[in-house]
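The values are calculated or read from the model by the stated rules, or taken from the named source; none is laboratory data. Remember, it's a predicted structure, so these values are computed and weren't measured experimentally. Heads up, the Cβs are rebuilt from the backbone with ideal geometry, glycines too, and the neighbour counts pull from every protein chain shown.
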Ligand code: PGA
């Protein structure tokens, strides 16, 4: 049985004080580990948030990393630094970077390899644009992003990958994929992982859904057999809206 995994992506929101307060409320609200839970604050608050949730059931993730372990890379963070800051996870390839900042697949692949080799779990995001869905290219896009992003991963590395299916048209728009659309995409992704990495890896792979997940739509989506959790943006910024999503998963 795959354990559900709910992660909150705080993006470029929160102050130091509000991130610490939010992390504290989330940690207090998660009373057991029936569901895996992570919060992903902005980089400057990673250490403070990691300190606050220490000893609780909540883990911390960064929102991006570089693929080198160190070097002259102004403005970047290595996977080792993220680990050292107290994180377990790192989001890689979020559409706000993939599309918003034109991060190429080759870089995303290097980042996934570097993060998983360092001992982090990579939350690798994939998803189609609205125009791609409307022209029946969803599966081709997902297959391409999976093949490019996960190319050359060892068995050990792939065991540290979580996938997040985030249709770009559903992120921050209030437009959520129907449970059926989510299930279809997730089933396709699992099947594709099976072809590339074998059935055991596919069956164990956690595939989150992301895109306008809220307390009132979470249950229907999380009920789908191939949906193993959610990557939550807007609704993760308040404990009152995030905790009910974790509740819905358990
Ligand atoms: P949203 O963001 O829940 O605000 O749509 C999801 C995400 O970007 O991961």
Residue pairs within 6 Å by beta carbon, gap of at least six or interchain, first lying in the stretch 105-128 and in contact (Cβ under 8 Å) with a residue 12 or more places away in the chain, second assigned to a strand (DSSP E or B) and away from the ligand (no atom under 16 Å from the Cβ), listed first then second, are 122/161; 124/161
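Filter the stretch 69-102 down to residues that are within 16 Å of the ligand (Cβ to nearest atom), in a loop (DSSP other than H, G, I, E, B) and closer than 16 Å to residue 121 by Cα, then give me how many there are.
Total meeting the criteria: 2.
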All but one of (1) away from the ligand (no atom under 16 Å from the Cβ); (2) surrounded by fewer than 24 Cβ atoms within 10 Å (Cβ to Cβ); (3) not in a loop (DSSP other than H, G, I, E, B) hold for residue 66; which doesn't?
-> (3)
Inside the stretch 108-127, the number of residues satisfying the requirement of being crowded, with 24+ Cβ neighbours inside 10 Å and either out of contact with any strand residue (DSSP E or B) (no Cβ under 7 Å at 6 or more places or on another chain) or on the phi > 0 side of the Ramachandran plot (or both) is 1
Cβ-Cβ below 6 Å, separation at least six or inter-chain, first residue in the stretch 168-183 and under 16 Å from residue 95 (Cα atoms), second more than 8 Å from the ligand (Cβ to nearest atom) and in a helix (DSSP H, G or I): which pairs?
-> 169/130; 176/217
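Restricting the search to the stretch 235-250, which residues are surrounded by 18 or more Cβ atoms within 10 Å (Cβ to Cβ) and within 12 Å of the ligand (Cβ to nearest atom)?
235, 236, 237, 242, 245
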Looking only at the stretch 204-233, which residues are assigned to a helix (DSSP H, G or I) and in contact with a helix residue (DSSP H, G or I) (Cβ under 8 Å, 6 or more places away or on another chain)?
-> 215, 218, 219, 220, 221, 222
What number goes with the only condition from (1) surrounded by 17 or more Cβ atoms within 10 Å (Cβ to Cβ); (2) farther than 22 Å from residue 103 by Cα; (3) under 19 Å from the mean Cα position of the chain (by Cα); (4) modelled with pLDDT of 95 or more that residue 197 does not pass?
-> (3)
In the stretch 24-44, which residues are more than 11 Å from residue 10 (Cα to Cα) and assigned to a helix (DSSP H, G or I)?
-> 24, 25, 26, 27, 28, 29, 44
Using the structure shown, decide if residue 161 is away from the ligand (no atom under 16 Å from the Cβ), touching a strand residue (DSSP E or B) at 6+ places or on another chain (Cβ under 8 Å) and either within 20 Å of residue 38 (Cα to Cα) or without any contact (Cβ under 8 Å) to a residue 40 or more places away in the chain (or both).
-> yes
Might you check whether a residue that is surrounded by fewer than 19 Cβ atoms within 10 Å (Cβ to Cβ) and within 22 Å of residue 61 (Cβ to Cβ) occurs anywhere in the stretch 138-145?
-> no
Pairs only if they're at least six apart or on different chains, beta carbon under 7 angstrom, first in the stretch 214-225 and within 12 Å of the ligand (Cβ to nearest atom), second assigned to a loop (DSSP other than H, G, I, E, B); list them, first residue then second.
-> 217/176; 221/213; 221/227
Can we say residue 192 is part of a helix (DSSP H, G or I), within 16 Å of the ligand (Cβ to nearest atom) and either within 19 Å of residue 161 (Cα to Cα) or within 16 Å of the chain's Cα centre (by Cα) (or both)?
-> no
